[in-house]
Amino acid sequence: MLIVFVSLFYEKKTHIPPVPTLPWVKKKILQLLLKHSNKDAPLKIAELGSGWGGVTFQLAKKFPNAHVTGFEISPFPYWYSKIRQTLSHKKVNFTKNSFYDVNLSDFDVIICYLSPQHMAWLKDKFEDELKSDTLIISNAFPILDWPTIDEDETNIFVKIPVFVYKT
Ligand SMILES: C[S@@+](CC[C@H](N)C(=O)[O-])C[C@H]1O[C@@H](n2cnc3c(N)ncnc32)[C@H](O)[C@@H]1O
């Protein structure tokens, strides 16, 4: 009962449930990131809304020299990721801060799977804060009026676009 109540509360607060990225979309995101960045560079990667941590752990695995941070405000997905990270000793960092309350200027790469509304809110934040050459990969939802540098899609059951931007 408590789990349902807390989950519904955070879904209302964040305007989005902690739906995980589909495995084939995860693969596409990683392919696009590998295509547009240096796998061995000490990149600072942020996943905005890291949910249960599935994408964050894959990023840490594929980019062993990167510093990967997952921002997740909803308690159950956050604690699940945190416990998994502690048990696996994986080199990732999860924080329960809202990504709106954090300055993102330090990051080289931003990954997100959010909503059209969040992308509209983030657009201003990205324009204000991100340094030049920051790579942004957005699963499913574009940043309106921003030109993409790349775009791809998966088409298993349903078409899902993945958008790539550079500031
Ligand atoms: C659709 S889920 C994506 C989960 C994960 N990225 C994945 O692909 O498996 C979006 C997540 O963003 C989180 N979220 C929404 N607003 C947030 C905020 N302001 N700060 C941190 N997390 C937030 C939600 O709690 C939810 O878990």
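Can you work out the PRE-style zone for I149? Point 7 Å along Cα to Cβ, and I want the residues of the range 33-54 with backbone N under 19 Å.
Under 19 Å, as judged by backbone N against the label point of I149, lie 33-48 of the range 33-54.
Measuring with a 1.4 Å probe in the full set of protein chains, what accessible area per residue, in whole Å², belongs to the chain?
Accessible area per residue: 54 Å².
Using a 1.4 Å probe on the protein heavy atoms, what percent of the accessible area of the chain belongs to carbon and sulfur?
Summing carbon and sulfur atoms, their accessible area is 59 percent of the total for the chain.
In straight Cα distance, which lysines are under 25 Å from K35, not counting same-chain residues fewer than 8 positions off?
K26, K27, K44, K61, K62, K90, K91, K123, K131, K159, K166
Along its principal axes, what span do the Cα atoms of the range 92-167 show, with the longest given first and each in whole Å?
36, 27, 24
When a/c is below 1.5 the answer is rounded, else prolate if a/b is larger than b/c, else oblate, so apply that to the chain with a ≥ b ≥ c taken from the square roots of the Cα gyration tensor eigenvalues.
Rounded is the answer for the chain, as its axis ratio a/c remains below 1.5.
The values are calculated or read from the model by the stated rules, or taken from the named source; none is laboratory data. A quick note: this is a predicted structure, and the numbers were derived from the prediction, not measured. So basically every Cβ, Gly included, is an ideal-geometry build from the backbone, and we count neighbours across all protein chains shown. Just so you know, the surface numbers come from the protein's heavy atoms only, side chains and all, with ligands and any DNA or RNA stripped out. Shrake-Rupley method; radii C 1.70, N 1.55, O 1.52, S 1.80 Å.
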